[in-house]
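Before we start, here is the structure in question, set down as structure tokens.
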Amino acid sequence: MLHLLPRTRPSMGAALSLALLTLSALPGAASAAPGGALGSADAIALGPDGAVVVADSRAGRLVAFQRPSIAAPEAKHFNLFGLDRTIAGQLGTTADRIRLTDIAFDRAARVAYVAVRSGFGAETTGAVFTATADGRVAPIDIAAAKPTEARLADVVADAVPLPRGRTLRDFTVTDLDFHGGALYVAGTSGTAFDAVLRRVPFPFGGSAAVSKLQIYHASHAQNETRAPIRAQTMVELGGVWHAVAAYTCTPLVLFPLDGLKHGARVVGKTIAELGYGNTPTDILAFSATDPKGVAGEYLLLLNRQRAPVMIPMPALAAAAKAPGLDKPAGFGKAGLSGMELPMVGFFAIADQGPERLVGLRRDPQTGTADLLSVRKNLFFRLTDFVGEFDMPGYTPPKGGDEMAGFRTMLQQEEGFRPRARR
């Protein structure tokens, strides 16, 4: 039988303080003084020289600031259960009034950054919190962190309604990625409701190069230009850097970065249809070592209505050389496939280091949003399950002592301590 240790609960911190500043930026230009508190926090990315960038779709801008100095312990397993409730308490609201939208992880400082939306509609505000593996959670005072901003041109009108109380303005920015000294910003624009990929100089200054995107959606049997990228990452395939983009319902599309020119209509190569009726939520390129000690590169796609999918990078490179999809797939899948993983419920993910991923997960039993680590090459948390080896009187099979020790290690680092067996 098992003794259950108390689950790590994030500590309470000071209330969030985001000072109001003066608006002063022209569309597409940089400003040393961002105007107003965050209207939303929809995506987050860590840039060079200690920069953090958060997307504020409601205000049609990107806000950058310097990372706070935080002394974090060695980054072991994150077991922060009920993170949304802790953050809501610090914001003076309840968990049903906030959404944790994205995560970034600073591997050097061993600190996670969590983007948060609070409220709905015109009352929406944004915030950024830090979290460490020992359970400390605190808001960042962005106004005191040397912020700058970049205003996005051609932002869609706020009055365009979408289902369930959302507006098209909420999709101004859907994902952020740094590459080659620039920030790649996926989302929508107000020009004929086009989906776009912006390349924004960083540090902010000058104008963004805005490419309009077109894809073939095999599940919908049509070319599409309006629905935005929902998750993206940058990878090198055959010596060429690409944006790997996932869309709702679930095409996986490649865009060579050297083809992203200002004002151009760029047609992506659809390399996979991974399943209808689904919204991808995050995508990550990472390295891992398999149980035999062989290192490999992988792509991990998180999904809201389907299991996460992991694709080996060589398979992605092969798909980049092959013809793209150009025929309807109906309700089926087509093109590149991958391995489904038991990380269901994770909706944002980051690379924690050689052994672990760290991400936000919605608990299916409690409904809370938790910040948790997962070991690479296992891609599940052992203590989510009760199996034969948990039952009183269980005896490992002959030669199974090593696996028993491995299970004990996983249980302990996930916050449980098994009682010695008799």
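Name the long-range amide H neighbours of ASN278: under 5 Å, sequence gap of 5 or more, or other chain; modelled H, no Pro or chain starts.
Amide H neighbours of ASN278, under 5 Å, 5+ apart: CYS249.
Which of THR233, THR124, THR132 ends up with the largest GNM mean-square fluctuation for the chain, with Cα atoms connected below 10 Å?
Fluctuation is largest for THR124.
Moving on. With r as the distance between the Cβ atoms of GLU74 and LYS398 and R0 = 41 Å, compute the FRET efficiency 1/(1 + (r/R0)^6) and round to 0.05.
Working from the Cβ atoms, E equals 0.70.
Does the chain come out rounded, prolate or oblate, given a ≥ b ≥ c as the square roots of the eigenvalues of its C-alpha gyration tensor, rounded meaning a/c under 1.5 and, failing that, prolate meaning a/b above b/c?
oblate
Can you classify segment 28-160 as rounded, prolate or oblate using the Cα gyration tensor, where a ≥ b ≥ c are the square roots of its eigenvalues, rounded means a/c under 1.5, and otherwise it's prolate if a/b beats b/c and oblate if not?
oblate
How fast does segment 183-265 diffuse by Stokes-Einstein, in µm²/s, taking the Kirkwood radius from C-alpha pairs at 10 °C and 1.306 mPa s?
120 µm²/s
If you don't mind, another one. What distance in nm separates the two pseudo spin-label positions at ASP258 and LYS321, each 7 Å out from Cα along the beta-carbon direction?
Each label point is offset 7 Å from its Cα along the Cβ direction, giving 1.7 nm.
Something else about it: Under 5 Å between amide hydrogens, which residues at least 5 positions from LEU183 or on another chain qualify, with H placed 1.01 Å from N in the peptide plane?
VAL200, PHE202
While we're looking at this one, here's another question. Would you list ASP141, ASP96 from fewest to most Cβ contacts within 10 Å?
ASP96, ASP141
Restrict the search to segment 224-298; then list the trypsin sites (Lys or Arg not before Pro) that DSSP places in a loop and that have at most 13 other Cβ atoms within 10 Å of their Cβ.
ARG226, LYS261, LYS292
Counting helices only, and only those DSSP H runs with n ≥ 4, report the 222 nm mean residue ellipticity of the chain as the sum of -39,500 (n - 2.57) divided by its residues, in deg cm²/dmol to the nearest 500.
The helix-only estimate for the chain comes to -2000 deg cm²/dmol at 222 nm.
Of the listed pairs LYS212/LYS327; LYS212/LYS321; LYS76/LYS292; LYS269/LYS333; LYS261/LYS321, which have alpha-carbon separations greater than 18 Å here?
Over 18 Å Cα-Cα: LYS212/LYS327; LYS212/LYS321; LYS76/LYS292; LYS261/LYS321.
Treat each spin label as a single point 7 Å out from the Cα along the C-beta direction, and report the THR366 to ARG304 distance in nm.
2.4 nm
Quick query: amide H of ALA329 versus all other amide H atoms, modeled in the peptide plane; which residues come in under 5 Å with a sequence gap of 5 or more or a different chain?
SER219, ALA221
Rank these for me by crowding, LYS398, LYS146, LYS333, going from fewest to most other beta carbons within 10 Å.
LYS398, LYS146, LYS333
Taking 25 Å as R0, compute the FRET efficiency from the Cβ-Cβ separation of LYS212 and ALA159 and round it to 0.05.
In this case the efficiency is close to 0.65.
For ASP49 and MET339, compute 0.36 nm times the residue count separating them, minus their Cα-Cα distance, and round to one decimal in nm.
So the chain would gain 100.8 nm between ASP49 and MET339.
Still on this structure, please answer the following. Which parts of segment 318-360 would a label at MET234 reach, counting a residue when its backbone N lies under 12 Å from a point 7 Å out along Cα-to-Cβ?
Residues passing the 12 Å test: none.
Rule-based calculations on the coordinates, nothing more; no lab input. Treat the numbers as computed from the prediction; the structure is a model and nothing was measured. Positions of Cβ are backbone-derived with ideal geometry, glycine not excepted, and every protein chain shown enters the neighbour counts.
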